[in-house]
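What follows is a set of notes on a single structure, which appears directly below.
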Amino acid sequence: MLGVASFTFGLLTAVAAQIPKLDPSKQRVSQANTYVYAANGRTVLSILRGSQARIIVPSEDISPWMKHAIVAAEDKRFYEHRGIDLRGMARALWADVSNRGVVQGGSTITQQFVKNAYLTSQKSVGRKLFEAALAWQLEQRWKKDQILTAYLNTVYFGNGAYGVDQASRIYFHHSAKTMKPAEAALLAGIPEDPSLWDPVAHPKTAKARRDFILRQLYEQRYITLSQYGDGKHWPMPDPTDVTLPSTQGVAAPYFANYVKDQLVRQFGPRRTFGGGLRVKTTLDVDLQQAARDAIKSVLPSSESGPTATIVVLDAKKNPGAVLAMVGGANYHKSQFNLATQGERQPGSSFKPFVLATALKENISPQTILTSQKQVTINADGRLWEVNNYEGEALGPIDLSQATAYSDNSVFSQLTAIVGPRAVRDTAKELGISTKLNGYFAIGLGAEPATPLDMARAYTAFADGGNRIDGSMFGNAPRVVQCLTDANDKCKEENRPVAHEVLTESQAETVDQLLQGVVRYGTGRAAAIPGWQVAGKTGTTENYGDAWFVGYTPQLVAAVWVGYPDKLIPMTTEYHGHPVAGGTFPALIWKAFMQKAIELKHLTPEGFTPPPSEYAAPVYVVNRGGLLMRDNGTCKNAYQLAFYGGVGPKHVATCKPNEVEVPDVVGWKLSNAKTRLRAQPLSATLIYRPARAGERLGIVVNQFPRQGTASAYDKITLVLPKSLHGAIPKVVGLQVPRAQAKLARLKLDVKVVGSSGGKVVKQSLRPGTAASPGLRLTLSVKP
């Protein structure tokens with residue numbers, strides 16, 4: 001017991017000794033600036049200033065709305081616990097155990113302050129225990145308002161905003177003392193995930209979170225209903241007016257800002273801004289200048305015209321390294337990075353992911369599908385009409401020709417065959433980080449992506465089917481080469497780590513197909529004499545976005561052209577003609593690549609041709625998202641060419657004269673029967689006892705609920721049946737007559753108003769199930 005007591009006393013004393021170091025005003029002395037360098041180790045891209053990037057303010061200089069909002073968003077029980085929320089920790093521990101890893105924080109504001117001010121963002125059980133001990137000791141010595149003020153002075157609010165006053169000045173251009181409820185709610189929502197809730201990169205999601213926190217403030221009676229309504233309509237910060245505190249160099253400001261975001265996610269704001277890091281990035285200053293020059297040489301200079309962005313990755317020498325990034329036309333006017341934050345529809349440049357998905361299913365490019373002016377696809381029971389570009393119809397063509405000519409009708413069929421969710425999964429595996437829905441239009445590029453994601457995904461094609469991650473930062477683009485010492489020697493290297501998504505032969509097949517796009521297809525403007533070039537154009541509906549993503553065996557570059565602020569059709573911007581992927585984007589790509597070849601003294605290299613493999617036809621059908629063999633009775637079966645004649649393992653269980661079973665739960669019985677007859681199917685009815693007050697005549701269940709059946713099969717519908725009768729309509733009746741009509745049901749009838757008038761409203765709608773003692777209120781007027 002004496003030993004345990006001595007150990008406990010020593011531990012508490014050691015922990016308590018750390019508390020003075022937590023004071024933000026005392027930490028500034030030991031901070032050192034972080035320097036971000038280009039790949040040459042000399043060019044300074046950014047200086048992340050620790051003390052200068054944060055303004056320490058006292059409690060009275062922070063708006064009360066901000067304090068209420070951060071408590072509502074981060075720690076509702078802040079004023080009740082003593083630094084440790086046992087309920088929150090238990091919830092987090094259960095999540096960690098269930099997922100066999102540290103996945104959930106469960107930290108209080110006090111613990112988060114301790115982490116921001118003293119520790120790193122490393123996730124471990126030991127870190128949580130030490131946080132908890134230090135937080136508990138801190139609560140014994142500091143008042144709640146002192147802790148909350150210190151937390152707000154150290155928390156990171158995204159976009160270089162380190163501390164609440166700096167954040168208020170960056171986003172709203174005034175001090176934290178004068179913040180409005182809506183502004184406070186916006187800031188309070190950011191610390192949980194500064195990237196996800198970034199009001200510059202994701203204004204819609206940031207607004208939704210702001211409105212949620214405003215709702216929390218209203219429900220906790222910090223603001224009135226009027227303030228809640230006004231707050232929801234309060235304007236969001238204009239991304240073009242958001243200014244950053246970091247010192248950005250002129251070489252690659254958008255790239256430097258993206259590097260800063262990666263550092264904050266990995267090391268936390270304290271080490272990033274005040275830890276004295278020396279960060280050597282992957283940026284090649286010569287290629288960066290060549291990228292800017294390529295845009296200027298092709299795109300007409302006009303303040304009112306479209307702009308362009310370009311991202312360049314290394315596919316060979318330093319796999320996956322981001323060598324250049326032009327994120328906008330003028331960094332001083334707008335810090336919104338079009339290369340990393342501009343989520344736009346990639347159009348047909350997304351089609352290679354459909355090809356990759358088909359290859360993973362062993363489907364050969366020798367597969368022939370019919371190109372039509374318009375094709376109708378059964379998209380999970382809904383009819384999806386797809387039109388070909390300018391109404392072209394090429395007839396039966398193989399996948400190689402369909403890729404070169406970017407045939408929408410063929411790729412919509414191929415998407416339906418392999419399944420849109422499988423296409424989504426392939427794109428995610430290759431490196432697309434934006435949210436993708438598994439809708440059928442995904443195969444035609446209807447789901448958003450960023451230029452950086454597209455370039456990274458195409459790099460996997462050029463790199464033998466491998467997505468390249470970093471050893472330090474995981475599944476993220478490689479923009480950091482290493483952390484160096486004062487002599488420019490690497491201390492921690494962010495090595496390339498390959499994750500196989502496609503086999504080498506599958507990637508080589510994609511390379512071969514995409515070369516056809518440049519040789520004789522829609523991307524001919526990107527051709528470089530004497531060089532093998534692979535790529536894909538992309539043009540969205542109404543010419544709102546134009547893309548060209550292409551590569552040689554050495555370099556990959558993604559080019560996007562469009563209007564940065566709005567989706568504006570570019571119908572005349574290309575010398576009086578529409579801007580398609582094969583116009584400005586392809587020309588910018590070619591201009592850059594030719595200059596890069598000259599600067600880096602590159603010599604022509606060829607893509608490795610895929611092995612020649614035998615293919616044979618197999619009839620297949622997509623069932624529930626899985627590709628299966630036709631059992632001879634399937635509708636909409638396709639004949640595809642499979643390598644070695646080896647099709648899907650599973651055989652579909654299609655029924656003769658098969659039809660889809662519609663879901664009619666919640667429908668009126670008459671409407672449900674009509675819907676089933678249209679398939680054609682028939683209905684058989686069964687009943688279950690109705691609950692008191694439940695609507696009658698409404699389908700509450702069906703068997704089967706979904707799937708398929710043969711035509712004219714019976715679908716069992718379940719309906720509620722009242723054991724005590726149904727509530728009648730008594731609106732419009734005199735009270736005595738209404739009461740007499742209801743008497744047989746033995747209800748608890750309450751009359752509100754004059755007992756001698758007419759019923760104008762009844763609390764239970766007619767046709768609902770009655771039950772003895774069920775309360776029914778009648779509103780009566782004379």
Note on Pro564: of the conditions (1) assigned to a strand (DSSP E or B); (2) open to solvent by 10 Å² or more (accessible area, probe 1.4 Å), unmet is (1)
In the range 275-296, residues that are under 30 Å from Tyr156 (Cα atoms), crowded, with 23+ Cβ neighbours inside 10 Å and among the small types (Gly, Ala, Ser) total 0
The number of residues in the range 439-461 that are touching an Asp or Glu at 6+ places or on another chain (Cβ under 8 Å), open to solvent by 20 Å² or more (accessible area, probe 1.4 Å) and under 24 Å from Ile363 (Cα atoms) is 3
task = Using the structure shown, decide if Ala251 is surrounded by 24 or more Cβ atoms within 10 Å (Cβ to Cβ) and either part of a loop (DSSP other than H, G, I, E, B) or modelled with pLDDT of 90 or more (or both).
result = no
What do you reckon, is Asp407 open to solvent by less than 10 Å² (accessible area, probe 1.4 Å), more than 29 Å from Thr340 (Cβ to Cβ) and acidic (Asp, Glu)? yes
Exercise. In this structure, does Pro604 turn out to be open to solvent by less than 30 Å² (accessible area, probe 1.4 Å), more than 30 Å from Val661 (Cβ to Cβ) and in a loop (DSSP other than H, G, I, E, B)?
Worked result: no
Residue pairs within 6 Å by beta carbon, gap of at least six or interchain, first lying in the range 609-631 and without any contact (Cβ under 8 Å) to a residue 40 or more places away in the chain, second open to solvent by 70 Å² or more (accessible area, probe 1.4 Å) and not in a strand (DSSP E or B), listed first then second, are Met628/His650
Sole miss for Leu436 among (1) buried (at least 20 other Cβ atoms within 10 Å of the Cβ); (2) touching a residue at least 24 places away in the same chain (Cβ under 8 Å); (3) not in a helix (DSSP H, G or I) is condition (2)
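Which of the following residues is open to solvent by 50 Å² or more (accessible area, probe 1.4 Å) and within 30 Å of Pro365 (Cβ to Cβ): Asn631, Asn657? Show your work before the answer.
Values: Asn657 fails: within 30 Å of Pro365 (Cβ to Cβ).
None of the other options fit; the residue is Asn631.
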Taking the range 692-747 and keeping residues part of a helix (DSSP H, G or I) and touching a residue at least 40 places away in the same chain (Cβ under 8 Å) leaves Val735, Ala738
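A quick yes/no check of all residues on (1) open to solvent by 50 Å² or more (accessible area, probe 1.4 Å); (2) more than 22 Å from Phe255 (Cα to Cα); (3) in contact with a His (Cβ under 6 Å, 6 or more places away or on another chain); (4) assigned to a strand (DSSP E or B):
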site: Met472; (1), (2), (3), (4): no, no, no, no
site: Gln481; (1), (2), (3), (4): no, no, no, yes
site: Val510; (1), (2), (3), (4): no, yes, no, no
site: Leu514; (1), (2), (3), (4): no, yes, no, no
site: Val517; (1), (2), (3), (4): no, yes, no, no
site: Trp531; (1), (2), (3), (4): no, yes, no, no
Here the residues within the range 393-412 that are of a type outside the set (S, T, N, Q), part of a loop (DSSP other than H, G, I, E, B) and closer than 21 Å to Ala526 by Cβ are Tyr405, Asp407
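The values are calculated or read from the model by the stated rules, or taken from the named source; none is laboratory data. If you're wondering where the values come from, they're calculated on a predicted model, not measured in any experiment. All Cβ positions, even for glycine, are placed from backbone atoms using ideal geometry, and neighbour counts span all protein chains on display. When the accessible area is computed, the model is the full protein with side chains, heavy atoms only, and any ligands, DNA or RNA have been set aside. Shrake-Rupley method; radii C 1.70, N 1.55, O 1.52, S 1.80 Å.
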